[in-house]
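Undergrad: Below is the structure I would like to discuss, written out as structure tokens.
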Amino acid sequence: MRVLFVCLGNICRSPLAHGVLRHAIEQRGLGEDLAVDSCGTSAYHNGGGSDPGSVTVARQHGIDISDLISRRLTAADYRNFDLLVAMDRQNERDILERQPGNTEPHIVRFMDFVEGAGSPDVPDPYYGGAGGFQVVYELIEAGMDPLIDFALTLHSSPS
């Protein structure tokens, strides 16, 4: 099961989710079942690294995302990934609008996996302070196990 996290610029939310899932895959020995990547719907930061706020909050939780490079969502991603995870409603709309007609990945919104979520969107911490990155990390951490369970169920179900 190949999972792709998608946000706007691929420097804050999606790389943080990428790092949390990659860490969980390593810790739980799920490398045979799950693979992960991330991208953005825009090319604003294409080729750059993750935002320092995301790198810092990840590091504070024992996760290294300093190797992740921002890239834009491509038509090939719809063929190469089984599960596209939008970090907010606008990302979800953009993913659906750009989806080539001959592809059928599962497209979900991350916050659907966060129990008791008050908002359908993972907030974008780009213009906020360091506290915003911690909030995003906590939301991602809260939704990651349910997302993993969902992905593994999809992976094990007959096509």
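The values are calculated or read from the model by the stated rules, or taken from the named source; none is laboratory data. No experiment lies behind these values; they were computed from the predicted model shown. Here Cβ is always computed from backbone atoms with ideal geometry, including for glycine, and neighbour counts include all displayed protein chains.
Every residue, every condition in (1) among the aromatic types (Phe, Trp, Tyr); (2) in contact with a Leu (Cβ under 6 Å, 6 or more places away or on another chain); (3) within 20 Å of LEU4 (Cβ to Cβ), yes or no:
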position	(1), (2), (3)
THR41	no, yes, yes
GLY49	no, no, yes
ARG59	no, no, no
ARG72	no, no, yes
ILE95	no, yes, yes
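Undergrad: Still on this model: Hey, among the residues in segment 83-137 that are among the β-branched types (Val, Ile, Thr) and touching a Lys or Arg at 6+ places or on another chain (Cβ under 7 Å), which one's surrounded by the most Cβ atoms within 10 Å (Cβ to Cβ)?
TA: Among those that are among the β-branched types (Val, Ile, Thr) and touching a Lys or Arg at 6+ places or on another chain (Cβ under 7 Å), it is VAL122.
Undergrad: Examine segment 24-40 for a residue that is assigned to a helix (DSSP H, G or I), buried (at least 23 other Cβ atoms within 10 Å of the Cβ) and hydroxyl-bearing (Ser, Thr, Tyr), and state whether such a residue exists.
TA: Checking segment 24-40: not a single residue is assigned to a helix (DSSP H, G or I), buried (at least 23 other Cβ atoms within 10 Å of the Cβ) and hydroxyl-bearing (Ser, Thr, Tyr).
Undergrad: A follow-up question, please. Does at least one position in segment 129-139 carry a residue that is under 27 Å from THR56 (Cβ atoms), at pLDDT below 95 and not in a helix (DSSP H, G or I)?
TA: Yes, that holds for at least one residue.
Undergrad: If you scan segment 101-124, which residues turn out to be modelled with pLDDT under 95 and of a type in the set (Phe, Trp, Tyr)?
TA: none
Undergrad: Would you pick out the residues in segment 41-70 that are crowded, with 18+ Cβ neighbours inside 10 Å and either not aliphatic (A, V, I, L, M) or not in a loop (DSSP other than H, G, I, E, B) (or both)?
TA: Within segment 41-70, THR41, HIS45, SER50, ASP51, GLY53, SER54, VAL55, VAL57, ALA58, SER70 meet the criteria.
Undergrad: May I pose another question? Could you list, in sequence order, all residues of segment 26-49 that are in contact (Cβ under 8 Å) with a residue 40 or more places away in the chain and not charged (D, E, K, R)?
TA: Matches in segment 26-49: LEU30, LEU34, THR41.
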